[in-house]
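This report refers to the structure that appears directly beneath it.
The values are calculated or read from the model by the stated rules, or taken from the named source; none is laboratory data. None of the values given here were measured: they were computed from a predicted structure. For neighbour counting, all protein chains shown are included, and Cβ atoms are generated from backbone atoms with ideal geometry for every residue, glycine included.
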């Protein structure tokens, strides 16, 4: 949704984070792969499914080159990816909490983004119900 606002370097680092996040529960689901492909299309970068940077390297560099707004975009889109397969298990939760802590984001921001995504999912459901009955 907002990924086109990121710089090319941020986009590649974000992709690394997405790949680590998707594999954090040892189940790289097809829905997560599809979401990553969609993200790459939105960012106008090549799709890849192999990480180029570790989580620590990517988080450190993102923190160095990103504004608070950029970090919120990364938080939102990473959370959305983790929910793509309709599962958010303990491994993914541990990964995401650790990653967001590395970026200096608060538990309140983390909880807030999941609340917003829940509301968005509910609205999409209502729109689908309206359109498709």
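Here is how the numbers come out for the structure above:
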| read-out | value |
| --- | --- |
| Condition met for residue 63 (modelled with pLDDT under 95, within 20 Å of residue 4 (Cα to Cα) and in a helix (DSSP H, G or I)) | no |
| Any hit, the stretch 100-113, residues being farther than 23 Å from residue 68 by Cβ and touching a helix residue (DSSP H, G or I) at 6+ places or on another chain (Cβ under 6 Å) | no |
| Top-ranked residue of the stretch 58-68 - restricted to ones that are surrounded by fewer than 16 Cβ atoms within 10 Å (Cβ to Cβ) and touching a residue at least 12 places away in the same chain (Cβ under 8 Å), ranked as farthest from residue 98 (Cα to Cα) | 65 |
| Which numbered condition residue 105 fails, given (1) at pLDDT below 90; (2) part of a helix (DSSP H, G or I) | (2) |
| Residues satisfying the stated conditions in the stretch 1-34, i.e. in contact with a helix residue (DSSP H, G or I) (Cβ under 7 Å, 6 or more places away or on another chain), more than 24 Å from residue 64 (Cα to Cα) and assigned to a helix (DSSP H, G or I) | 32 |
| Positions within the stretch 33-53 being within 13 Å of the chain's Cα centre (by Cα) and either under 10 Å from residue 18 (Cα atoms) or modelled with pLDDT under 95 (or both), in sequence order | 33, 35, 36, 39 |
| Near pairs, Cβ below 6 angstrom, 6+ apart or cross-chain, from the stretch 87-112 (farther than 18 Å from residue 54 by Cβ) to any residue that is modelled with pLDDT of 90 or more | 88/82; 89/25; 105/75; 110/100 |
| Residue match in the stretch 35-56 (condition: in a loop (DSSP other than H, G, I, E, B), in contact (Cβ under 8 Å) with a residue 12 or more places away in the chain and within 21 Å of residue 121 (Cβ to Cβ)) | no |
